[in-house]
Amino acid sequence: MAETADWPYDADRDDPLTKLRIPVVGSPWPRWHYIVAFDSGRLDDEQQHRPTDREARMLASFLEEYIHHWYNATWQYKLAERPFDVDGGANGVVFRKWGEGDWGFRRRTWSQGPTYVPTHPRIRGGKSPGPLTLVQVMDRIHTIGDEPMKRWTDWKAAHPEVFGEDNHGA
């Protein structure tokens, strides 16, 4: 993940997720303000867990929904000029996979509390949910109150090829 003059990003240039515009970083705190990133856990000594092909498509769709909802055509074009979607004003999301069916996330702006929600399986206690599937984590990100926002549930329903018919699993 070395930064060079032609690759200033703190993301793996050769990772397959790069083709989906998902930067793979080795830390919960990427230097760039990515809208969506995947923390590969390279700073940990433990096993690294990668998204399945289906989960990778979900990450890309999550990013697409965010861009579709928050940016007009002009800004979408500006975002597309880089290999990743970067916006210092966005409260970006970093995803982390702990194991099969066990995902966490963090917001770029978080400065207190746990690094990820759900927390690492080794330190989960009574207040941390988990394990949660990737879809459950995405639902949680889009939830205000008791239910995920309608715009998100509509997005998932419109993309059964990514989220499946029940769109609560994975």
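The values are calculated or read from the model by the stated rules, or taken from the named source; none is laboratory data. Quantities reported herein were computed from a predicted structural model and do not represent experimental measurements. All Cβ positions, even for glycine, are placed from backbone atoms using ideal geometry, and neighbour counts span all protein chains on display. Only protein heavy atoms, including side chains, enter the accessible area calculation; ligands, DNA and RNA are left aside. Shrake-Rupley method; radii C 1.70, N 1.55, O 1.52, S 1.80 Å.
Residues in the stretch 1-39 that are of a type in the set (G, A, S), open to solvent by less than 70 Å² (accessible area, probe 1.4 Å) and not in a strand (DSSP E or B): 3 in all.
The set of residues from the stretch 139-150 being in contact (Cβ under 8 Å) with a residue 24 or more places away in the chain and not in a helix (DSSP H, G or I) is empty.
Scanning the stretch 139-152 for residues that are over 17 Å from the mean Cα position of the chain (by Cα) and not charged (D, E, K, R) gives I144, G145, M149.
Residue by residue, here is whether (1) in contact (Cβ under 8 Å) with a residue 12 or more places away in the chain; (2) assigned to a loop (DSSP other than H, G, I, E, B); (3) in contact with an Asp or Glu (Cβ under 9 Å, 6 or more places away or on another chain); (4) surrounded by fewer than 16 Cβ atoms within 10 Å (Cβ to Cβ) holds:
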site: W98; (1), (2), (3), (4): yes, no, no, no
site: T109; (1), (2), (3), (4): yes, yes, no, yes
site: G113; (1), (2), (3), (4): no, yes, no, yes
site: G125; (1), (2), (3), (4): no, yes, no, yes
site: Q136; (1), (2), (3), (4): yes, no, no, no
site: W152; (1), (2), (3), (4): yes, no, yes, no
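Is it the case that L132 is out of contact with any helix residue (DSSP H, G or I) (no Cβ under 6 Å at 6 or more places or on another chain) and touching a residue at least 40 places away in the same chain (Cβ under 8 Å)? Taking the combined requirement at face value, the residue does not satisfy it. Among the residues of the stretch 40-84, which ones are surrounded by 17 or more Cβ atoms within 10 Å (Cβ to Cβ), out of contact with any Phe, Trp or Tyr (no Cβ under 7 Å at 6 or more places or on another chain) and over 16 Å from V162 (Cβ atoms)? Hits for the stretch 40-84 are S40, G41, Y71.
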